[in-house]
Each structure stands twice: as structure tokens, then as C-alpha cells.
Amino acid sequence: MEYFGKVLILSALITMLLLPAAGSSQVVVPKSDGAPVPGLDVPDTELKLFKLTQLLLQDPQNPALLLQKGVYLSELGLLVAAFDTFEALRLAFPEQPAPYANLAAIYARWGRLEEARQMLIKSDALQANRYQTHLSLASVNLELALVSLNKANELKPGDPATQSKLRALEKYLAESNKVSAQPTGQSVPGPVASASPSRVAQSAPSEKVERVPARSSKTSRDRLKLDVLDSTQSDLQVKPVAPTLPPSDSGVSQDPRKAEILRALESWTLAWTQQSYENYLSHYSAAFKPAEGATRDAWALRKRTLMEKAKYIRIDLKISEIQFDGPVATVRLSQKYRSNRYADFGHKELKLKLEEGAWKILAEKPIRQ
């Protein structure tokens, strides 16, 4: 029974890794990644990845979970899949340092040192004075120096100055490798052995990823492994901008209905940015009729399609006015919408109705100014 239990766990895990993720037509599993588990022994990381994949089925756009998924894939040596995950996060959250740091770690393991250096510089620009980033950057710069010294030695064999620097640097890197291999209280990104070379979404067509590392250094590829940022170290998460009232409107505290409207719109915005279609739809009244003559079914299908195809959605609402007429509230606002596919800014009027203690959207229409 124990044998069959292990078989079932492994089969389920491999199935989860090979199945296309939500909103993706296919998942490419390169042969260079190889099988992550030899035989039937399931490492702890694979079990963590399996559990994480189950959580992602419930919340497929959670960036903290996706970041951790990329880290687990990288630990298992599935570098191409990990790269795609981090690259999609970089596109969705260009102001967050974690995707850049993790992309740098993969580039370094591929021996693409200059690209790793550029990712670390960008990560440092977004989160300055991080010790581990500078330690990783130092490791990359040392490896780049070694590549240049080897090239100089090829161009001028036997040059004493070049060979002296080469021996000194190789000795230092060898000693650093021994220090990095020792167990410590924190992660050390110095030279250690490394493997050879979504889901949020596939990389954009214009950003084609080279599947086989070009002009890579075997020395650095065998030795260099950089620190990564996982979800416990990063604040990468969905942070929708809460709807705001103009500074002149201080009536929220006096009128609790305005506070209720703000909470309802914040919940609506959160469902939208998390691309949770059913939750988003629950904020609309059963009597809701789309503007400009569209049927409710056609409107709902369009919303669902947009959510499924978008890698990310960001909404920024600024409310200019809230008026009440019995159980109906009229809200005027400006709305900034941005996704990887489309960006728009406009003014809108919402009508919300109090239904069984909850404010539901009864109507919405654009306002031309």
C-alpha cells in the first residue's frame, strides 16, 4: 500500500505540473529541465509545490503564491518554467524587486552573467541597501572578471600579470566556495553547485526567451548560484488602490451610508483586480442592465473573457460625489484601468441599490466630459 501511495502522489504531482494553467493554452516543458524526481522518492520541495498548486487553483492570480511557485520550480531545477513564472511577475509588477532578483539567480545559473547583473541592478534600484542583493552582485562581478581574465589569457598566453590575477581570483573563488558550502544561519549566495538549464502567463511574444543559454561560461554555470527572494522576504502582493473621496468631503464619518458605499466599491475593486469572476459578479444586482443596449449575458461573457485573458488587472477609483435617493445611491467617479492588454481612463456614474443589507450595482454608464 505504501508503494502505491507513493505512485499516486507522484502521478498527481506530475499531472499538475504538465496541465495548462488557467488562462493559458499550453505549457511547454523543455527536455532540458528533465524529470525533477528520480524513482519514486518525493522530495519535500515537490510536496510543497503540489500543495502550492492546489492553493493556486483556488486563487490563480495570487502573486505571492506565484512567486513561491517560481522559487520551488527553481529549487527542483525546472529553470525554464521558473523563468517564465518570474518573467510574468516582472511584467505584472514592474515596480517590485523580487521578480528581478529571482530572474538574476536563473540567469546566473545559465551563465548569462551580464543579464544577471542588470537584473540585480534593477532590483537594487527598487529596494536599495539590501545586503543580499549587493552580495549577489559582487558574486556576479567576480565571475565576469574571471571570464575577462580567461579571455585575456587566451589572447596573450603566458603573460605574467594576467596569470597572476587569474590564479589569485580562482583561489579566492575556490575558498569562497568552501565557505558557502558550510551550514550557516542565513543563505549565502556565494559559489555553490547548480543545475543546468506562469503559471501567470507565457512571456509576451516580443520578449522571446532564449531556451539555450548563449555564450555561457561553464565555470560560472557550475559554480554560481545567487540568493533569491521568496514570498517570506518580499512584500509582493495584490494591493488594489482603495476608492477615495475628495479631500473636501468629510461627511463619511457623519453619514455611515457613505462608508458602506466605500466598502462595497473597495470589495468590488478587489474582486476585479484578483480576477475573481464569480465574486466580481456578486457585486451586481439581479436587476442590473448594461449600458448601451448590451444584454446581461453578453456583458457577463465579455467580462469573463477579459479577466481570463489578462495577466493582471489594476483599478484606481477616485470618487467625486455620492448622493442618495431612498435605497438608491448615485456615485460619480473617475476610473483608471490597466492590464497587460489594455489601458483606459474615464469618468463613470454608478447607481447602487441597498438589497438585503448589501449595496449592489444597479446601473453603470460612462460620463462624457
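Read-outs throughout are calculated quantities, based only on the coordinates presented, and are distinct from any laboratory measurement. The model shown is predicted, which means the values in this text are computed figures rather than measured ones. Backbone-built Cβ (ideal geometry, glycine too); neighbour counts: all protein chains shown.
Sites listed here are trypsin sites (Lys or Arg not before Pro) in segment 42-74 whose DSSP assignment is loop and whose Cβ has at most 10 other Cβ atoms within 10 Å, and the list is empty. Relative protection proxy for 138-147, 331-340, from highest mean packing down: 138-147, 331-340 (other beta-carbon atoms within 10 angstrom). Cross-linked pairs Lys289/Lys353; Lys258/Lys351; Lys122/Lys171; Lys122/Lys303; Lys289/Lys318: Cα-Cα separations exceed 25 Å for Lys122/Lys171; Lys122/Lys303. Rounded, prolate or oblate for segment 256-367? Axes are the square roots of the Cα gyration tensor eigenvalues, ordered a ≥ b ≥ c, and the cut-off for rounded is a/c under 1.5. Prolate is the answer for segment 256-367, as a/c is 1.5 or above and a/b outweighs b/c.
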